[in-house]
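Engineer: What follows is a structure written as structure tokens; I'll ask about it next.
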Amino acid sequence: MSDRPTASLNPEEMSSGGFFDDKEATIEDAKFEMYDFQGNSEPAPCLGLTLRTGDEDEGEEPTRQYWSMGNREKWMPSDDGDALVNISTNDRLTLSRQSNGVFMLQSMIESGLPADRLSAGKASILNGIKAHWVRVPGPVRKFKDAPEKKSADILVVDQIIATPWDKGDEAKVTGKKAAGKKETGKPDTNLEDKAVEVMIQMLAENEGSIEKKDIPSRAYKALGNDPQKNNILALLFKPEFQLKHFSVSDKGVITLK
């Protein structure tokens with residue numbers, strides 16, 4: 001048994017599936033989500049991919065893998081999970097090259113994925129890509145006034161095998177919209193009511209006030225397995241929603257009106 005791989009205890013290596021390494025798999029359901037690595041860290045904006053090997057007939061289930069994308073106080077998944085929204089005060093903010101997600105995307109570019117395909121920032125562009133996946137040592141991270149920190153192994157791509165646009169099939173890349181659902185640009189009433197309810201709950205549990213930076217972790221836990229969790233989290237962070245229903249101080253503290 002000594003030659004078998006052991007389980008990593010690093011949260012950033014954990015996923016909803018098992019240990020995944022040295023396999024060919026096709027990407028499905030690519031989305032940005034708030035994820036807490038199975039309760040082992042604070043929820044953060046992550047890129048989630050379902051990887052299907054094609055060996056399901058042999059008992060191998062598709063696995064959901066996650067890569068952290070950045071600071072939860074600066075980035076939030078869009079309502080549909082297809083993009084990361086800048087919620088910071090810096091309109092020119094870009095993703096950090098030190099994040100695991102960027103490290104993985106860079107491996108796809110180095111393996112032949114055209115970089116301009118990623119410029120629009122849409123997660124769905126990754127759907128349908130078949131690649132060979134391996135684990136490699138992550139980048140060495142440098143922090144101000146702190147020693148260098150070596151990252152744990154990260155799942156990356158070392159070969160692009162096929163893409164949907166190889167056959168000129170762009171429709172597979174962008175994904176499908178839900179049938180019968182119209183995009184009006186207005187927030188769903190039920191979704192907004194739920195977001196208000198969650199905010200009031202958090203205020204009640206925190207003596208009537210909450211700082212914006214504390215919203216992701218508290219709301220993530222409060223929403224549990226709610227199927228609309230990502231949409232509600234995104235709404236909670238929108239300034240127009242906060243100002244419509246609550247009082248917001250110059251220091252970013254939210255209270256009841």
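Engineer: What are the residues in the stretch 72-99 that are in contact with a Pro (Cβ under 9 Å, 6 or more places away or on another chain) and of a type in the set (S, T, N, Q), if any?
Structural biologist: 98
Engineer: Can you say whether residue 48 is surrounded by 15 or more Cβ atoms within 10 Å (Cβ to Cβ), at pLDDT 85 or above and either part of a loop (DSSP other than H, G, I, E, B) or hydroxyl-bearing (Ser, Thr, Tyr) (or both), as far as the supplied structure shows?
Structural biologist: Here the answer is no, as residue 48 does not meet what is asked.
Engineer: Can you pull out the residues in the stretch 54-82 that are small (Gly, Ala, Ser), part of a loop (DSSP other than H, G, I, E, B) and buried (at least 16 other Cβ atoms within 10 Å of the Cβ)?
Structural biologist: Within the stretch 54-82, 70, 78, 81 qualify.
Engineer: Moving on to the next point. Determine whether residue 93 is assigned to a loop (DSSP other than H, G, I, E, B), free of Cβ contacts under 8 Å to residues at least 24 places away in the same chain, surrounded by 13 or more Cβ atoms within 10 Å (Cβ to Cβ) and hydrophobic (A, V, I, L, M, F, W, C).
Structural biologist: yes
Engineer: Also, quick follow-up: When you go through 79, 116, 29 one by one, which is the residue that is of a type outside the set (Ser, Thr, Tyr) and farther than 20 Å from residue 164 by Cβ?
Structural biologist: Going through 79, 116, 29 in turn, just one is of a type outside the set (Ser, Thr, Tyr) and farther than 20 Å from residue 164 by Cβ: 79.
Engineer: Sticking with this one: Using the structure shown, decide if residue 128 is at pLDDT below 90, crowded, with 19+ Cβ neighbours inside 10 Å and either closer than 24 Å to residue 74 by Cα or in the same structural domain as residue 42 (by TED's automatic domain parsing) (or both).
Structural biologist: no
Engineer: Can I ask one more? Of the residues 33, 42, 24, 61, only one is over 15 Å from residue 230 (Cβ atoms) and either within 15 Å of the chain's Cα centre (by Cα) or assigned by TED's automatic domain parsing to the domain that holds residue 217 (or both); which?
Structural biologist: 42
The values are calculated or read from the model by the stated rules, or taken from the named source; none is laboratory data. All of these numbers come straight from a predicted model, not from anything done at the bench. FYI the Cβ positions are ideal-geometry reconstructions off the backbone, even for glycines, and counts take in every protein chain you see.
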